[in-house]
Amino acid sequence: MSPFAWHPRPMSEKNLVELVIGVTLLLFLAVFPVFGVGYWVSFVLTQTFLIGIAAASLVFLTAYGGMVSLAQTALYGISAFALGNMVTKGAVKGLHLGLDPWLAVVLAIAITTAIGLVFGAVASRSAGIYFLMITLTYAVIAFTFFGQVTQVSGFSGIAGIADRTPALVGDPVTQPNRLYYIALVTALVVYFAIRHVVRTPFGISLQGVRDDPVRMGSLGYNVALHRTLAFTFAAFIASLAGVLYGWWNGVIAPDNVGLGATVDLLIVAVIGGLGRVEGAWLGAFAFVVINNYVRDVSVPVLGGSFNTVIGLIFLAIVIVSPSGLMGLWDRLWDAAGYREGSGPRAAAAAGTAGPQA
Amino acid sequence: MRRAVSAFDWRLLVRRLPVGVAVGTTVFALVWVLFWAPSTNFGPAIHSPANFLITLLNGLTLAALMFIVASGFSLIFGLMRVVNMAHGSFLLLGGYIAYEVQQSMTNGGGLTVFSSQVNAWDWLVPAIVAAAAIGGIGLVTQQVFLRWNMGQDLRQALITIAISVIIADQVVAHFPLESSIEKGSAVNTSWPGAIDRLVNLHIAGVQYSVARLTMLGLGVAVGIALWLWLYRTKTGMVIRAGVDDRQMTSALGVNIQVTFAIAFVVGASLAALGGAVFTSYAGVNPTTDGQWLLNSLVVVIVGGLGSIFGTVAGALLYALVYNFSISYLPTTGGDCCGQYSPVLTFVLLALVLAFRPQGLFGRPA
């Protein structure tokens with residue numbers, strides 16, 4: 001495990017079951033492109049991986065920092081906009097600097113992380129529901145900014161990002177498998193990075209800050225700094241999703257970071273479960289599949305589109321199982337009588353997460 | 001490493017830094033607008049006081065509208081700790097309802113009604129109907145979805161987000177009702193003819209819209225009514241007691257659930273009233289809900305949640321920054337910088353939060 005003084009709990013039966021499921025799933029995903037349908041590779045699963053990364057940054061902040069951030073969509077949008085402005089060249093919108101693709105990726109991640117640091121610092125003295133409100137204003141400000149400032153975007157956004165990918169990524173349209181594996185590997189790295197960070201001394205004290213900021217403050221921990229750094233780390237993760245999104249979609253427009261997109265990411269995280277990082281990808285998969293198959297269905301009686309369906313699903317989940325699908329799994333496991341695996345994670349689930357400013 | 005002996009206390013400096021930056025920024029903004037303002041559309045205020053006055057009045061009238069909307073948001077939060085993310089959707093639906101009622105009262109048939117055809121009742125009745133309808137929807141929302149999970153503030157915020165997604169989608173699917181117009185089109189109502197004109201203020205020769213001044217009056221009236229209600233009636237007393245200590249208030253035999261329901265209905269109605277005004281002021285379209293959710297959030301975050309005076313201060317600050325940034329940012333070469341006004345919203349938010357995390361008039365939670 002990590003070199004730090006952390007003693008992992010002995011693996012319970014539940015952990016073992018989850019490990020087996022996880023490894024099986026991973027092996028399946030690793031060989032999937034060999035015999036899978038191209039559409040599922042390029043559209044459903046790649047999208048699931050990258051949306052899941054963005055959602056994981058939100059779950060990390062919520063579960064371990066007590067900060068429900070609605071700015072994660074804005075941050076991944078900022079990353080994609082930065083990439084688009086720096087990498088494209090010629091007659092497209094934006095700055096079209098035409099930088100080297102890898103340099104542009106590094107700069108996009110650095111810029112987004114720096115903006116995350118500023119955003120985090122401003123909101124760092126708030127938590128819980130106040131944090132939600134402040135980060136929502138970030139999201140709307142970012143949307144308005146990219147809509148109004150024609151130098152870096154304008155309303156139609158920046159196209160042609162997919163034409164200027166690094167050689168390793170290739171052309172996402174004709175070589176979808178490459179982006180699939182890159183997204184899969186990035187998702188894995190992000191998953192293990194989060195699992196590692198929450199076990200470090202920083203991660204432990206962050207959870208202390210989540211549970212009782214006043215006590216942690218009086219013990220000498222810098223509460224605001226912990227929140228700021230956690231937010232910065234989450235911004236870094238979101239920036240990875242932004243780069244992948246830029247390559248995958250090829251276009252980034254203000255609508256991709258609008259209020260609808262912001263709420264969609266929150267819905268992804270809630271469907272999966274705000275208490276456990278794994279839920280991010282589970283929620284992303286459910287969202288993408290529902291999105292894919294319900295897009296053209298008209299809602300009986302009420303009328304309306306996909307948004308009414310997803311809104312109703314979201315409402316049902318928040319009412320019935322606020323800790324999402326992962327929480328449902330935890331509860332089913334407990335109900336089946338296997339109680340030795342019940343950990344503290346369930347306490348961080350939506351609705352019972354109590355840290356308030 | 002040994003600590004350098006120095007009389008200069010940098011820690012104190014760091015602690016005072018936010019205040020210094022806030023004061024410095026305010027002074028700079030004032031000097032800029034009043035005396036300097038190079039290459040802007042309007043020029044410094046001492047050279048063209050008329051433009052300054054118009055910008056100021058635009059700011060004040062927008063602040064009045066923001067106050068009407070945000071006070072409802074703040075009332076609901078202050079008493080129930082419910083962050084009503086559906087507030088913008090309530091406003092949007094209220095705006096479309098006001099439009100439909102005015103259309104049917106004036107036989108508009110889907111066309112924009114001229115203000116000369118609109119009398120005071122053709123404006124007031126739609127606003128009242130919208131406020132009543134949204135008040136009803138608010139009551140249902142509170143009783144069905146929010147009553148049984150009091151205290152779970154995150155869960156309640158998520159529930160209201162889900163409701164706002166559904167309402168916003170339903171509005172786009174069904175409004176405007178006229179079959180001749182595409183669903184989800186932008187619509188607007190007309191002010192009554194009596195106030196849809198300019199009046200000479202006799203200050204620097206400024207002509208200003210009476211409708212806008214009426215909006216300012218409406219904002220002040222709502223503010224006074226809210227103040228009288230909260231500070232001079234028994235219901236208001238109970239609400240303020242509930243804001244301070246919900247459990248103790250109900251332990252004293254007050255039926256706090258009735259108070260919650262009343263406050264939620266009033267808060268939702270204020271959103272719809274704001275929607276009716278905004279539909280005449282600028283018109284509503286399907287993105288209006290997000291825009292007004294942002295406005296309400298910024299106002300209450302800056303002003304402090306659950307305080308009338310905070311809402312007034314937040315609305316004034318935000319509306320003035322918004323209007324002055326549009327008129328007084330440089331426009332060199334037509335390519336800069338008016339479009340950067342969203343950044344100033346963030347700067348305002350950052351400055352206030354840096355030295356008062358609870359907002360200007362908010363109490364530490």
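The values are calculated or read from the model by the stated rules, or taken from the named source; none is laboratory data. Here the structure is a predicted model, which is why all the values come from computation and not from measurement. Note that we place each Cβ from the backbone using ideal geometry, even for glycine, and neighbour counts take in every protein chain shown. Accessible surface is based on the protein model in full, side chains and every heavy atom, while ligands, DNA and RNA are left aside. Shrake-Rupley method; radii C 1.70, N 1.55, O 1.52, S 1.80 Å.
A few comments on the model shown:
- The dipole here belongs to the range B:49-320: it is taken about the Cα centre, uses +1 on the Cβ of Lys and Arg and -1 on the Cβ of Asp and Glu, and is about 600 debye.
- Cβ-Cβ distance of A:L25 and A:S218, R₀ of 45 Å, FRET efficiency by 1/(1 + (r/R0)^6): the value works out to about 0.55.
- Shape of the range B:200-284, Cα gyration tensor, a/c cut at 1.5: prolate
- Sparse-neighbourhood loop sites, chymotrypsin sites (Phe, Trp or Tyr not before Pro) in the range B:64-167 - DSSP loop, at most 14 other Cβ within 10 angstrom: B:F114, B:W148
- Taking every protein chain into account, the 1.4 Å probe leaves B:Y322 with about 90 Å² of accessible area, to the nearest ten.
- Scanning chain B for trypsin sites (Lys or Arg not before Pro) lying in DSSP loops with no more than 13 further Cβ atoms inside 10 Å, the longest uninterrupted stretch between such sites is B:4-196.
- Dipole size of the protein assembly as shown about its Cα centre, with +1 on Lys/Arg Cβ and -1 on Asp/Glu Cβ: approximately 1840 debye, rounded to the nearest 20.
- Unit charges at the beta carbon, dipole of the range B:174-282: most positive-side option, B:S180, B:V243, B:V210: B:V243
- Derived scalar couplings between HN and Hα for the range A:318-324 equal 5, 6, 7, 9, x, 9, x Hz in order, rounded to whole Hz, by the Karplus curve 6.51 cos²θ - 1.76 cosθ + 1.60 (θ = phi - 60°), x for Gly and Pro.
- Along the range B:212-225 the Karplus relation, 6.51 cos²θ - 1.76 cosθ + 1.60 evaluated at θ = phi - 60°, assigns HN-Hα couplings of 5, 5, 4, 4, 4, x, 4, x, 5, 4, 4, x, 5, 4 Hz to successive residues, with x for each Gly and Pro.
- Tensor-based shape of the protein assembly as shown (alpha-carbon gyration tensor, a/c under 1.5 rounded, otherwise prolate or oblate): rounded
- Take A:D211: with every protein chain present and a 1.4 Å probe, its accessible area is about 110 Å².
- The three principal axes of the C-alpha atoms in chain B carry coordinate ranges of 77, 59, 38 Å, sorted with the longest axis first.
- Taking amide H positions as modeled 1.01 Å from N, with prolines and chain starts lacking one, the residues under 5 Å from B:V199 and 5 or more places away or on another chain are B:Y208, B:S209, B:V210.
- Note on the protein assembly as shown: dipole from Cβ charges, positive end direction compared against B:A127, B:V23, B:F264; the farthest Cα belongs to B:V23.
- Simple rule: put +1 on each Lys or Arg Cβ and -1 on each Asp or Glu Cβ in the protein assembly as shown, find the dipole, and look at A:Y64, B:I167, B:G219; the Cα lying farthest toward the positive end is A:Y64.
- Between 0 and 90°, nearest 10: helix A:101-123 axis offset from chain A longest Cα axis: 50
- Percentage, to the nearest whole number, of Cα pairs in the range A:146-221 over 17 Å apart: 69
- Dipole magnitude (debye, nearest 20) for the range A:13-348, charges at Cβ of Lys, Arg, Asp, Glu: 420
- Cα shape, the range A:116-187, gyration tensor, a/c 1.5 rule: oblate
- Hydrodynamic radius by Kirkwood, which averages 1/r over all alpha carbon pairs of the range A:13-348, in angstrom: 20.5
- Straight-line cross-link partners of B:K183 among the aspartates and glutamates, defined as a Cα under 20 Å from its Cα and at least 8 positions apart when in the same chain: A:D255, A:D296, B:E100, B:D169, B:D289.
- Partner aspartates and glutamates for A:K14 [C-alpha distance under 20 Å; skip if fewer than 8 residues away on the same chain]: A:E278, A:D330, A:D334, A:E340
- Note on surface exposure: A:R164, A:R295, B:R356 rank A:R295, B:R356, A:R164 by accessible area, highest first, 1.4 Å probe.
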